[in-house]
Amino acid sequence: MTDDIYFTPLLPWQQLLWSQLTQRVLAPQQSLPHALLAAGMQGMGKRAFVWRLVAWLLCRARDERPLGACGHCESCQWLRSGTHPSLQALPLVSLPISADNIHKQQEVASSTAKDKKSTKATSNASLKIKVDEIRALQPFIYQGGHGMRICVLDHAEQMTIAAANALLKTLEEPQAQVYLFLISDAPSQLLPTIKSRVQQLALQRIDPAVALDYVTQALGSTVNREAVGAAAIEQLIQLANGAPLAAITLAQAPWYSKRALWLTTWQALRSGKRSSIAASDYWQNQLSIDEFIQLSELMLLDMRRVLLGFEALQKDVKLAAILQDHQPSDSGLERLSYSLQQTKIALQQNVQEKFSYDKLMQELVYL
Ligand SMILES: [Zn+2]
C-alpha cells in the first residue's frame, strides 16, 4: 500500500455510503457514530473506503471538498509522510505509510528468496493486536481538547481477548472528537460485545451491474481484451463471491489460466498416462506450490458443487463433462482437501516445495 490509498477515486459502489456519511459530518448538529466497523470478505474495498474517509475527516479543507481529502494541506502532508499526530493504527503494519512500514518494505526488498518465508511468518504473527497495544492508545484517546483524533484497528478479529476487553472499556466511554474504525475480513470472529457497540458500515451490498462494469473496465486496461469477454467476467465475479477487487486479483493470478491444464493433469494421472513424479516436475516449472494450492482449492470447490447437483461455476473448462465420466468419492475429496491444508502448514515450517508437490500429485492419482 502507498499513500495513494488516501486520495484515489472512490469505488463506484461506495458512492452512496460516502455521501451519506460526509453529509452527516458536514451538517450542523450531526456527527458520525464514535465507533464504526468495516466488515466483510476481502476484495470489496473496505480498507480503501476507511483510509479515504479517515483522510477526508482529518483534511483541513474538508468543508469545501466533500468528495475527498485535498491532498495538499498540512494534514494531508502528514498522512503522506506517515507522521500524522491525530491518527493511530493497529496493528502497526496496517498504517498505509509509516516510518516503520517504509523500513519493513526495504527489508523485504533486500531479503533473499530464502528469507522471504520467515518474513511472511512474522508478518502474520504481527497482525495480532495485544492488550498492551490497546492500553498504549489510551493517552491518545483521552488527552482531550486537541481536535479530532482517529484510531484504526485493522484485522480487528485478531485482537486477543484481553485486548478486546480493554477496547470495550473505551467503546463504553466515547470521547468527544475521537473516532474508532474497526476493519475485519472475518467479523464472525469478533466478540459479540464489541460488535454490539460499533456501527457497521453498509459496504457489503454491491449492485451486480456496477461490479460487472467496474471489473470490465479494470481488466480491459490490463489484460488481453479477447481473453475477458462478458461471460468470463461474470464468472470471475461469481468465483470471487461478488467482490469486484477480488475478481480482478483472480483474473491476474498466474494460476487462474491453468485451470484446464490442472484437469488435464488430473486425468492423465488417474489413467496412468503420466507418473506423479513427471507431473510434479512439470508443475514445479509452472507455478509455485502456493499458487498450485489455490488452483487446487478452486477446482475442489467447484467439483463439490457439481457433485451436490449444482452447476459448475466455471463454464470455460470441461469440469462438468469430466465429472460425468468419473466422480471422485466424498472421502477422496476430503482427503485432497485435508492434504492441501496439511501442505500449507508444512510450508510454513519450511518443508521443501518439491516434496509437497510430489505428495499432492500422488493424491491426485487416486482422486
Ligand atoms: Zn487536505
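Between Val152, Val25, Val50, the Gaussian network model of the chain with springs among Cα atoms under 10 angstrom shows the greatest mean-square fluctuation at Val25. For the cross-link pairs Lys258/Lys359; Lys46/Lys195; Lys273/Lys359; Lys128/Lys344; Lys130/Lys195; Lys46/Lys354, the ones whose C-alpha atoms lie over 27 Å apart are Lys46/Lys354.
Would you please name the chymotrypsin sites (Phe, Trp or Tyr not before Pro) within segment 235-341 that are DSSP coil residues with at most 14 other C-beta atoms within 10 Å of their C-beta?
Those that pass, being in a loop and sparsely packed, are Phe310.
Hey, fewest Cβ within 10 Å first, where do Asp154, Asp290, Asp63 land in order?
On the way: Asp154 23, Asp290 15, Asp63 9.
Arranged by neighbour count, lowest to highest, Asp154, Asp290, Asp63 become Asp63, Asp290, Asp154.
Each part reduced to its alpha carbon centroid, segment 234-297 and segment 299-367 end up 10 Å apart. Taking trypsin sites (Lys or Arg not before Pro) in DSSP loop conformation with at most 12 other Cβ atoms inside 10 Å as exposed sites, the chain has its longest uninterrupted site-free stretch at 1-204.
Of the GluC sites (Glu not before Pro) found in segment 281-367, the ones in coil according to DSSP and having at most 10 other Cβ atoms within 10 Å of their Cβ are Glu311.
In the chain, the calculated helix contribution to ellipticity at 222 nm averages -16500 deg cm²/dmol per residue, counting -39,500 (n - 2.57) for every DSSP H run with n ≥ 4. With 0.36 nm allotted per residue and the present C-alpha distance subtracted, the Lys195-Tyr256 stretch has 18.4 nm of extension available. Under the convention that each Lys and Arg Cβ holds +1 and each Asp and Glu Cβ holds -1, the size of the dipole of the chain around its Cα centre is about 220 debye. A DSSP coil position with no more than 12 other Cβ atoms inside 10 Å describes none of the chymotrypsin sites (Phe, Trp or Tyr not before Pro) in segment 30-80.
Note on Lys315: aspartates and glutamates with a C-alpha under 19 Å away, same-chain residues under 8 apart excluded, are Glu226, Glu234, Glu297, Asp302, Asp325.
Once the Cα-Cα distance is subtracted from the 0.36 nm per residue extended length, the Glu172 to Val25 segment shows a gain of 50.8 nm.
Bear in mind that the values in this text are calculations on the coordinates, not laboratory data. As the structure is a computational prediction, the values presented were derived from the model and not from experiment. Virtual Cβ from ideal backbone geometry, glycine too; neighbours counted across all protein chains shown.
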